[in-house]
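J.: Before we start, here is the structure in question, set down as structure tokens.
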Amino acid sequence: MAIRLFRRKDDGDKKIRTPEGMWIKCAACLEIIYKPEVERNLNVCPKCNYHFRIPAVERIRSVVDEGSFQEFGDDFESVDMLGFTDTKKYTDRLKEARKKTGRKEAVITGNARIHGIEVVLSVLDFEYLGGSMGCVVGEKIAVAAETALEEKRPLLVFSASGGARMQEGTLSLMQMAKTSVALARLSDAKIPFLSVMTDPTTGGVAASFAMLGDIIISEPRALIGFAGPRVIEQTIKQKLPEGFQRAEFLLEHGMIDMIVERTRLKATLAQTLRFLGASNGK
């Protein structure tokens, strides 16, 4: 850990050692907060309740029973089918994302338990290319739905995404249909699907599986929508209402079912699953 050295004016040459990175600034209330305090609170600001974005691994740890998560599909890996290059080659972007996250893709899938209830879990990771949905992400979501169907377990999907992955062109848009069809089969079998949207959930992800849950949950103040508010304003040449596309606005207008704070999310998921007929060991 890096150490910052400074001197107190009233203490001569005596130096105080203060670890760097121990304080963070809240993006909402702008308070400077002791980082371990925020981490103990599941990365929620204790001053204003702002929910910091968290990696998929931390998300899984926060909602499943300890030691219960068993990953599958971790060998799925994207390839550059179109030879796509913008300011960088797509292959280079993939390498950077893998190095940054230690993951092969923008979604983690697996089996887990939540308060003893067996579920199939998919969690998108915004740190991996903005949680964008390419062919592999779509395939892994579809496989998770098929696994839930075969094992008769509820499916939970946590979304955090900028939308379809432009480097895969129309192939990425096809994943909207693929995931929707897989979820329709789950619905026909009356197996519960809970969708949890976190900040942000936009584009093709919001326009497909994220909005198809039997119960749709969001974290407070999450940005949810297809196009971003700035794009909409520039298109329609009008000022949007205050809080437009935030979770609270969507709840008020009937687009989502509930807003749940992160510290209460695990208990709420278990309660909702039991309400939908799930039970321990089934």
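All of the numbers you see were taken from the coordinates with simple rules; none came from a lab. All of these numbers come straight from a predicted model, not from anything done at the bench. Cβ placement follows ideal geometry from the backbone for every residue including glycine, while neighbour counts extend to all protein chains displayed.
J.: Rounded, prolate or oblate: which fits the range 115-272 when a ≥ b ≥ c are the square roots of the eigenvalues of the alpha-carbon gyration tensor, with rounded for a/c under 1.5 and prolate only if a/b beats b/c?
T.: Working: a/c = 1.98, a/b = 1.25, b/c = 1.58.
In terms of gyration-tensor shape, oblate.
J.: Treat each spin label as a single point 7 Å out from the Cα along the C-beta direction, and report the R230 to K47 distance in nm.
T.: 2.5
J.: Suppose each label sits 7 Å from its Cα in the direction of the beta carbon; what would the K237-L276 distance come out to in nanometres?
T.: With each label placed 7 Å out from Cα toward Cβ, I get 4.4 nm.
J.: Based on Cα positions only, what radius of gyration and what Dmax would you give for the chain, in angstroms?
T.: Every Cα atom of the chain included, Rg and Dmax give 20.7, 75 Å.
J.: Here's something else I'd like to know. Among the DSSP beta bridges whose two residues both lie in the range 143-271, what percent are antiparallel, rounded to the nearest 5?
T.: Here the share of antiparallel DSSP bridges comes out near 5 percent.
J.: On to the next question. If each residue of separation counts as 0.36 nm, what is the full-extension length gain between F76 and S62 once their alpha-carbon separation is subtracted?
T.: 2.6 nm
J.: Using helices alone, I'd like the mean residue ellipticity at 222 nm for the chain: each DSSP H run of four-plus residues gives -39500 (n - 2.57), total over residue count, nearest 500.
T.: Values: 9 runs with 95 residues, N = 282.
Result for the chain, helices only: -10000 deg cm²/dmol.
J.: Okay, next question. For the chain, which DSSP H helices look membrane-span-like by this rule: Cα extent along the axis of 15 Å or more and mean Kyte-Doolittle of at least 0.5?
T.: For the chain, where a helix must reach 15 Å along its axis and average at least 0.5, the hits are 135-151.
J.: Further, regarding this structure: If I take every Cα pair under 8 Å that is 6 or more residues apart in the chain, average their sequence separation and divide by the length, what percent do I get for the relative contact order?
T.: Relative CO of the chain lands at 14 percent.
J.: Let me ask something additional. For the range 61-114 and the range 145-167, write down the distance between their C-alpha centroids in whole Å.
T.: So the separation of the two Cα centres works out to 13 Å.
J.: Expected output is a single nm value to one decimal: the length gained when fully extending between M255 and K25, i.e. 0.36 nm times separation in residues minus the C-alpha distance. What is it?
T.: Additional length available on full extension: 79.6 nm.
J.: Can you find, among A144, G102, H115, the residue farthest towards the positive end of the dipole of the chain? Put +1 on the C-beta of Lys and Arg, -1 on that of Asp and Glu.
T.: Result: G102, furthest along the dipole toward the positive end.
J.: State the antiparallel share, in %, of DSSP beta bridges confined to the chain, rounding to the nearest 5.
T.: 55
J.: Another question, then. Over all directions, how big on average is the projection of the convex hull of the alpha-carbon atoms in the range 167-251, in square nanometres?
T.: Values: hull surface 26.1 nm².
The directionally averaged projection comes out at 6.5 nm².
J.: Given H placed 1.01 Å from N in the peptide plane, which residues other than close sequence neighbours of S161 have an amide H under 5 Å from its amide H?
T.: For S161, the qualifying residues are T201, T202.
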